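We did not get these values from a lab; they are worked out from the coordinates using the rules stated. In this text, all values refer to a predicted model and were calculated from it rather than measured experimentally. Reconstructed Cβ throughout: ideal geometry from the backbone, glycine too, with neighbour counts over all protein chains shown.
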Amino acid sequence: MGVVKPALAVPLVPGFFQYFFGPLDPKFFILYHVRVVPHWHVANAVGAALARTTCEVVLFADTEQQFATAVGENFSQKVNKYFSKKDAVKLALDRLEASWIETTWSDSLSSSQGDIPSVVLQNQEGMIIERRQQLVEASQESIFNSFTSLGGDQGWLYMNWAWRIRGFIDRLVGGVGLRRGRRHPSELRVGDSLDFWRVEAVKEPQLLRLRAEMKVPGRAWLQYEVQPQDEQHSILVQSAYFAPKGLFGLLYWYLLYPIHSLIFSGLIREIARRATHPKIKYGMHTKAV
């Protein structure tokens, strides 16, 4: 009667494995029947050749003309004559981060087309996104004018007392608070301060993006977008983005989310109402309908 030998499992390891375990006796590979993936040098070379840069930016800075521009980024910025290589690297890295965030926004917005729920909370590539959408019986221009008039003396339309408390707390911890107001009661342009926000992007009559400058454990944005449906209807999209910094950033978001959810739901509702009834007057403390 013959002896049945058990099947032998032969471990396969990637080619670079041997560099990590170089000091081992070559008999190790023979004794344990370890095999290296064949032709791994060729596979690595092909992979490296086909690999594409995920995100890159080319920045030109002219200190004589005092101008910096990023090719293909539709970005330009005034600089002073002391603008250094270190400053250029920092600015380029900021642009890279902005490009990554733009990609995240674009991907998340494109995935939300079709039958859209009124509110979506998701975590995408480390960015927490809370999006609310509402069909509004108003033109694209009317809705755009409604959300670009937020802040300043006009206030934030819903639970304005909570915004003021947040501004007060921000000042206590060294932030800017709400004291900056806004440059113009109804017009915004890139770079404007808006209470404790900064206007990062504005495209009339469809988009407004605000970057938070209050003290938070991470980075935050608030974005509004209008998607016209017909002459009398548009979809208003309100998106809150938060890139938490560490565990404290995550705790901050989820512990405060109940109150943030309440504020955001009321805010988009009031923006839609004002777009539908543009003659409604709002103030810092009261509104009369």
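In the stretch 114-288, the alpha-carbon atoms span a convex hull of 114 Å³ per residue.
First select every other residue whose beta carbon is under 12 angstrom from the beta carbon of Glu231; then total the charges, Lys and Arg +1, Asp and Glu -1.
Around Glu231, the surrounding residues sum to -3.
A crude spin-label estimate for the pair Leu250 and Gln77, with each label 7 Å from Cα along the Cβ direction, gives 3.1 nm.
Pairs on different chains or at least eight residues apart, Cα atoms closer than 26 Å: how many lysine pairs in the stretch 130-289 fit? The number of close lysine pairs in the stretch 130-289 is 4. Modelled spin-label separation between Arg179 and Lys90, with each label point placed 7 Å from Cα along the Cα-to-Cβ direction: 2.5 nm. The stretch 222-267 and the stretch 126-143 have Cα centres spaced 9 Å apart.
At q = 0.27 Å⁻¹, what is the base-10 log of I(q)/I(0) for the stretch 134-191 according to the Debye formula with one equal point scatterer per Cα and no solvent? Please give it to two decimals. Scattering profile of the stretch 134-191, log10 relative to I(0): -1.11. Stretched out straight at 0.36 nm per residue, the stretch from Phe168 to His260 would grow longer than its current Cα-Cα span by 31.4 nm.
Toward the positive end of the charge dipole of the stretch 148-289, with +1 on the Cβ of Lys and Arg and -1 on the Cβ of Asp and Glu, the farthest Cα among Leu178, Gln232, Leu255 is that of Leu178. Cβ-to-Cβ counts within 10 Å put Arg182, Arg273 in ascending order as Arg273, Arg182, the fewest first.
Given the stretch 178-236, what whole percent of its Cα pairs are spread farther than 17 Å?
Numbers: 766 of 1711 pairs.
Across the stretch 178-236, Cα pairs with separations above 17 Å total 45 percent.
Model label sites at Gln65 and Val119, defined 7 Å from Cα along the beta-carbon direction, differ in position by 4.9 nm.
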